[in-house]
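> Encoded as structure tokens, here's the structure I'll be asking about.
Bear in mind these aren't lab numbers, they're just calculated from the coordinates by the rules spelled out. Everything quoted here is computed from the prediction, not taken from an experiment. All Cβ positions, even for glycine, are placed from backbone atoms using ideal geometry, and neighbour counts span all protein chains on display.
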Amino acid sequence: MRRVVGIAGAIVIALVGVMLASRSSYQPGPLMAQHATLTGQCASCHRPWRGVAVDRCVACHGDITDTNPHGGYDVTSADSGLLAGKTLLVDADNDLICLSCHSEHAGRRVDLNATATFACTWCHKHVANDQVPEHSTAVMSRRAAASNTFVQPFNHHQHQLLIQSHYPPIAAGFACASCHIVTPTAPPHADRMSFRWSSCSANGCHVAPQDSFLQLPAALGTAPLELPYTARVLHMNAVFTHARGHLATRCVQCHTEMAASVAPGDDHAQVVEQCFKCHAHQPGPAAIVVHSADAGLSLPAASVAFAAANPGVASEATPRVTACGQCHLFHTHGPVPAHDFRGTAPLALPGAPAHLAWTLYLPGVSRGQGAPAVRMHAIRFAPWLFGFFGLIVAALCGLGFVRVLPAPPVEGEVVTAVAPQRLGQVPLIDDTYQTNVRHLYIVGEASGTASINLAMRSGRQVIEAIAAELKAHRLPPAAPEYEVVIVGCGPAGLGATATAKTLGLKYVTLERMTPASTLRAYPRAKFVQATPIDIAEYGSFFLEGDNSREELILEWERIIATLDLQINDREEVVDITSDADLLTVKTARSNLYAARTVVLAVGVRGNPRHLGLPGEEPARVHYTLIEPGEFRDRKILVVGGGNAGAEVAQALARADLGNQVGYSFHASVLSNVTRDNAERLSALQQTGALTVYPATALKEIRPHTVVLETIADRDKPAAGGGGASPIEIDNEIIFAMIGAELPNNFFRKLGIRMVRKGRFGSS
């Protein structure tokens, strides 16, 4: 026995040692310097048993689908130009993902441009520049033109005619260098350009920079030396600057059609001569490749040199480019290097909880270039095991505390507790409320947020997330009519609409009925409580204490009027289609709304759950109660054991209405209501104003009566026999307050993935 205990103890000690050891003991290699803050936090990138999660990369660095040419790059396309037999990492849509080119644990000092651009030659075979269509064109068109500096767009062609017809003749004639001043630069510095004011003011052309043609700021004065400007344009997704080697060549040798340009952005202004008439791009021995910072494109690696006498043909002694990454830098493009990733990456995964980590400093010997030295080494470890033991102790203490609590009092036939969530399935959304359908969002009750205040906050948060994404990504070539379409004007829809208006987004809100129709469907005696919500350009939305439905509706209508919100009533959405990055919303009136994003702020009150019994007709069975005063001296049965049923029963059992109200629910005691509702129901039952039928279910609807059966008898097999007799009571009206359903069929029609609430699974 002693031996068994000793072996078991040794095993436990070894396991504890492994758990508390430094995590670097089982890491495959050190992280890059940029990811050093994530050392030991494997969950920042890895998912247990499933490898690296690409969505973790996007969470920190952002989605480059709209900014990078390889974002959304379908490898199965016939036009992709990929070599046969190559295997890349792709997502479910066969699009390239970050892991196609990137890897980790390769060391702290890693040149991403050198390690990532291997994928160029892995995917594409560039044996020579004349076999690549982009390299063999006679001219190359810039992707964008410089913005106009002056009030009236500059006209090169008009100025050429004016200069050539001037008398007496101008000595320099129409020459680019007469007006343009360009200082040699190299990446990553921006091009520095300016105009010579002396050229503008010579021969009486312009009197001052503030004249009617230029209208420049008065701060420049009337006779400045230069007029500064910056041209930020994109060239063929390659790095280009006006290096010294480029400036040694006449401007018109590259900008061949500039003299015919009549505006900064026309076709003539965007034409650029083929670069490879001056530069070599043929494969050759690595030893021939040399660095010449001023000879060509001024790249950080082996640069481009001028070609031989025959344009496009390189001699054996000519330095040449042999790697794609020397011109096409990874995630970088433009004459002024612009990066796909805007801003700096966060120090930790967004939304990840902070991990408790202890640092222990121990002496150790460091062997460097000099003599060995004793230095202190930091060892970090996360004592999560202590937290596990703490949870066990807390659970035992909580269990003991619960056992010593007195039993809750039973008042009549009701007890108090919290009502459970009624939704079995909810849409799958991320932390920005976006569904699996790109740019389609769901907020409010349909996303599982039942509280009015939380729903309003979710509407505000989703618009803030959309505004941030729209700001980070450029608009498509054909801008849609709206930046966001909001469907529904309940609590979440109103919060989203107010936020869209205050943030200056192009929006429209579509409501199937009228604004705040969700609140209008509440009983008149229904009380709601609002906590403070700050709405920009309006102030704090706050109703102190408990408030009636009418008070809250008046406050909402005040918000709509104050902010002048654009809401289209009676516009029921029937379909949403996606085309590229644009969504089109179709309504029952056949109206179409094109938008970049769509927010579904639909609730569940418009989809009540039905009894499913013969005789369930609109005149007999109701699912909401708006005005209790409409029902007087009637025989009424309320079905449903939640707060909604309890509140309807109270409203209809008022003494001044004269109704005979019965209340049926499945539980033996009513436990799914709040304490206030429980106390009121108990008082009504004791005074005889309300008849309670616990542990019953509605079995049959007859012309003038209804039949209730006990739950115990209903659950017995048919051959069981015996049991209590069914209860038949006089009845004219039934209120079925048995919950509501999400518009799941509509969600599935849109391609939205549904998941079981509180479980792993989907449908």
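> Using only Cα positions of region 621-736, each an equal point scatterer, no hydration layer, compute I(q)/I(0) via Debye at q = 0.11, 0.15, 0.17, 0.20 Å⁻¹ and quote the log10 values to two decimals.
Log10 I(q)/I(0), no solvent term: -0.35, -0.64, -0.81, -1.09.
> Continuing with the same structure: As a test, work out the antiparallel percent of DSSP beta bridges whose residues both lie in region 621-736, rounded to the nearest 5.
40 percent
> Right, another one. Could you grab the relative contact order for region 621-736? Cα pairs under 8 Å, six or more apart, rounded to a whole percent.
Once normalised by length, the contact order is 31 percent.
> Considering only DSSP states other than H, G, I, E and B, which GluC sites (Glu not before Pro) in region 604-690 qualify as loop sites with at most 14 other Cβ atoms within 10 Å?
Sites meeting the loop and neighbour criteria: 616.
> If packing is taken as the mean number of other Cβ atoms within 10 Å per residue, what is the order of 481-493, 61-73, highest first? Intermediate results must be reported in sequence, preceding the final value.
Numbers: 481-493: 27.0, 61-73: 16.7.
The most tightly packed comes first, giving 481-493, 61-73.
> Which order do the peptides 727-739, 96-108 take when ranked by the mean count of other beta-carbon atoms within 10 Å per residue, highest first?
In decreasing order of mean packing, 727-739, 96-108 become 727-739, 96-108.
> Shifting gears a bit: Sort the following peptides by mean Cβ neighbour count (other Cβ atoms within 10 Å, averaged over residues), highest first: 582-595, 161-174.
582-595, 161-174
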